[in-house]
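S.K.: Quick one: structure below, then a few questions.
The values are calculated or read from the model by the stated rules, or taken from the named source; none is laboratory data. Note that the structure is predicted; figures quoted are calculated from it, not measured. Every residue, glycine as well, gets a Cβ built from its backbone with ideal geometry; the counts of neighbours run over all protein chains shown.
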Amino acid sequence: MKIRNYWNLRDWGAGIWERSGRPARVLIAVTTIFLVGLLPFAGASFLATPIAAYDAVLVYPVAVFVLMALGLNIVVGKSGMLDLGYVAFFAIGAYTMAIMGTTTGLNTWEIMPFGIAFAMLAGVILGLPTLRLRGDYLAIVTLGFGEIVRLVLLNSSWSKGPNGIANVPMPPDIGPLKFKLDDQKVFFWVVLIMILLTIWMIRRLSVRRPGRAWEAIRQDEDAAELMGVPTLKYKIWSFTLGAAIGGAAGVLYASKNLFIAPEMFTLNVSILILACVVFGGIGNICNNPWLPPRSHPLYLRCSPLSLRLSSCCCYELPPRWPTTAEETRKSDC
């Protein structure tokens, strides 16, 4: 029976990327970023949202969910740990901004490090006793952590309980760029910059020791431990980094929304972010252009069996992927 090969936009784009040299790739990336930056001006096109303001929807949920999905992808995609309580870090960042913004004279950018730090601290507190669990057990614990954070916020006087916190200050102007409630283009551009910085950080880590350790843990944690990978250390790393990104997104969300309440941070938010990760490709950042194609000889050599037997393939991968069969043989993984 003849198998028909249908045209696929993703494969077509990946083919162009693989055939392009470094200057062409830089041009493609810069052009893409520029076009994405113009999205707030596309409200009059077929992208218009008649029920809500287009630029507001573009910031939340679209851009903020992309940012949080990148953070959750470090935990779920890179390390292979199922986290169903990611909304807790989002809530911690948002309430840090709300409480400090209404009780101190600090602005959004001065509060941002505190929101990130508190979210990272929560990630460490959750991770140390629970990251020895795996699979469904870890998912249940993280789900419970997310609900505990929401219930604490709902029943505490310092968080104003179910009434929430209003009058959260907006970010200060950045030179000629002014943050406005009725024109949220600047919010989108700030979130876009945060997304680009997150992608850059993840890409840098993915080709270095932490990224190789996360890949080994995701493939087979027992084999990684046998090969000398400190699995608990790198799992806490991934959990903490993911929490930091969630906390940063929460700070910006509270500053943009001007009001927060516990019902904004339910389990549904965690499920939606996880769905973004799954539909976007678990472990993929921008289609993983730095990874070799499936037909590459390295994939054939680094099969699951060889990952179990070779510390090189599961932890000490070469600094760059060989591009030819000859280089693959010379690398002698």
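S.K.: Here is a list of conditions, (1) crowded, with 18+ Cβ neighbours inside 10 Å; (2) outside the structural domain of Val269 (by TED's automatic domain parsing), and Ser45 meets all of them except one; can you say which number that is?
M.R.: Of (1) crowded, with 18+ Cβ neighbours inside 10 Å; (2) outside the structural domain of Val269 (by TED's automatic domain parsing), only one is false for Ser45: (1).
S.K.: Would you check which residues across the stretch 117-151 are assigned to a helix (DSSP H, G or I), over 24 Å from Pro162 (Cβ atoms) and among the charged types (D, E, K, R) and list them?
M.R.: Within the stretch 117-151, just Asp136 meets the criteria.
S.K.: What number of residues in the stretch 212-256 are among the β-branched types (Val, Ile, Thr) and within 18 Å of Pro61 (Cα to Cα)? Give the steps one after another, and end with the answer.
M.R.: Taking the stretch 212-256 and keeping what is among the β-branched types (Val, Ile, Thr), we get 217, 229, 231, 236, 240, 245, 251.
Filter once more, so that each one left must be within 18 Å of Pro61 (Cα to Cα): 245, 251.
Residues flagged as among the β-branched types (Val, Ile, Thr) and within 18 Å of Pro61 (Cα to Cα) within the stretch 212-256 amount to 2.
S.K.: Taking the stretch 145-172 on its own, how many of its residues are more than 29 Å from Val186 (Cβ to Cβ), touching a residue at least 12 places away in the same chain (Cβ under 8 Å) and touching a Gly at 6+ places or on another chain (Cβ under 7 Å)?
M.R.: Selection size over the stretch 145-172: 3.
S.K.: Here is a follow-up. Just wondering, is there one or more residues in the stretch 275-294 that are β-branched (Val, Ile, Thr) and modelled with pLDDT of 85 or more? Explain how you work it out, then say what you get.
M.R.: Quick first cut of the stretch 275-294, residues β-branched (Val, Ile, Thr) only: 277-278, 282, 285.
Restricting the remaining residues to those that are modelled with pLDDT of 85 or more gives 277-278.
Yes, some residue in the stretch 275-294 is β-branched (Val, Ile, Thr) and modelled with pLDDT of 85 or more.
S.K.: Right, something else. Scan the stretch 116-149 for residues that are surrounded by fewer than 20 Cβ atoms within 10 Å (Cβ to Cβ) and not hydrophobic (A, V, I, L, M, F, W, C) and jot them down.
M.R.: Listed by number, the residues that qualify are Pro129, Thr130, Arg132, Arg134, Gly135, Asp136, Tyr137, Gly144, Glu147.
S.K.: Would you mind listing the helices (runs of 4 or more DSSP H) fully within the stretch 164-280 where at least 2 residues are of a type in the set (D, E, K, R) and closer than 18 Å to Asp83 by Cβ? Reasoning before the result, please.
M.R.: Values: elements: 185-206, 209-219, 221-226, 231-257, 267-280.
It comes to 209-219, 231-257.
S.K.: Within the stretch 23-44, is even one residue among the aromatic types (Phe, Trp, Tyr) and under 29 Å from Leu205 (Cα atoms)? Walk me through how you get there before you give the answer.
M.R.: Just the residues of the stretch 23-44 that are among the aromatic types (Phe, Trp, Tyr), to begin with: 34, 41.
In the following step, the residues that additionally are under 29 Å from Leu205 (Cα atoms) were identified as 34.
Yes, there is a match, as at least one residue in the stretch 23-44 is among the aromatic types (Phe, Trp, Tyr) and under 29 Å from Leu205 (Cα atoms).
S.K.: Now a separate question. Quick check on the stretch 233-240. Is at least one of its residues under 30 Å from Gly161 (Cβ atoms) and buried (at least 20 other Cβ atoms within 10 Å of the Cβ)? Don't jump to the end; show me each part of the working.
M.R.: In the first step, residues of the stretch 233-240 are kept if they are under 30 Å from Gly161 (Cβ atoms); the result is 239-240.
Checking the rest, the ones that are also buried (at least 20 other Cβ atoms within 10 Å of the Cβ) come to 239-240.
Yes, because at least one residue in the stretch 233-240 is under 30 Å from Gly161 (Cβ atoms) and buried (at least 20 other Cβ atoms within 10 Å of the Cβ).
Every residue, every condition in (1) more than 20 Å from Asp183 (Cα to Cα); (2) free of Cβ contacts under 8 Å to residues at least 24 places away in the same chain; (3) surrounded by 19 or more Cβ atoms within 10 Å (Cβ to Cβ); (4) touching a strand residue (DSSP E or B) at 6+ places or on another chain (Cβ under 9 Å), yes or no:
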position	(1), (2), (3), (4)
Asp11	yes, yes, no, no
Gly21	yes, yes, no, no
Ile33	yes, no, no, no
Gly37	no, no, no, no
Ala52	no, yes, no, no
Gly85	yes, no, yes, no
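S.K.: Would you check if there is a residue in the stretch 71-82 being within 16 Å of Ser255 (Cα to Cα) and either surrounded by 13 or more Cβ atoms within 10 Å (Cβ to Cβ) or outside the structural domain of Phe145 (by TED's automatic domain parsing) (or both)? Explain how you work it out, then say what you get.
M.R.: Our first condition is that a residue be within 16 Å of Ser255 (Cα to Cα); within the stretch 71-82, this holds for none.
The answer is no, given that none of the residues of the stretch 71-82 is within 16 Å of Ser255 (Cα to Cα) and either surrounded by 13 or more Cβ atoms within 10 Å (Cβ to Cβ) or outside the structural domain of Phe145 (by TED's automatic domain parsing) (or both).
S.K.: Here is a further query. Give the residue, chosen from Ile260, Ile273, Ile195, that is β-branched (Val, Ile, Thr), in the same structural domain as Ile116 (by TED's automatic domain parsing) and surrounded by fewer than 22 Cβ atoms within 10 Å (Cβ to Cβ). Working first, answer last.
M.R.: Numbers: Ile260 fails: surrounded by fewer than 22 Cβ atoms within 10 Å (Cβ to Cβ); Ile273 fails: surrounded by fewer than 22 Cβ atoms within 10 Å (Cβ to Cβ).
Result: Ile195 is the single residue among Ile260, Ile273, Ile195 that is β-branched (Val, Ile, Thr), in the same structural domain as Ile116 (by TED's automatic domain parsing) and surrounded by fewer than 22 Cβ atoms within 10 Å (Cβ to Cβ).
S.K.: Going by the structure shown, is Asp183 more than 20 Å from the chain's Cα centre (by Cα), of a type in the set (Asp, Glu), exposed (fewer than 15 other Cβ atoms within 10 Å of the Cβ) and at pLDDT below 90?
M.R.: yes
S.K.: Can I ask one more? Would you call Phe89 surrounded by fewer than 22 Cβ atoms within 10 Å (Cβ to Cβ), in the same structural domain as Ala254 (by TED's automatic domain parsing) and in contact with a helix residue (DSSP H, G or I) (Cβ under 6 Å, 6 or more places away or on another chain)? Walk me through it before giving the result.
M.R.: Details: surrounded by fewer than 22 Cβ atoms within 10 Å (Cβ to Cβ): no; in the same structural domain as Ala254 (by TED's automatic domain parsing): yes; in contact with a helix residue (DSSP H, G or I) (Cβ under 6 Å, 6 or more places away or on another chain): yes.
No; evaluated as a whole, the condition is false for this residue.
S.K.: Ok, one more. Just checking, does the stretch 84-103 include any residue being under 15 Å from Val278 (Cβ atoms) and outside any helix (DSSP H, G or I)?
M.R.: Step one: filter the stretch 84-103 for residues under 15 Å from Val278 (Cβ atoms), giving 84, 86.
Then keep just the ones that are outside any helix (DSSP H, G or I); that gives 84, 86.
Yes, there is a match, as at least one residue in the stretch 84-103 is under 15 Å from Val278 (Cβ atoms) and outside any helix (DSSP H, G or I).
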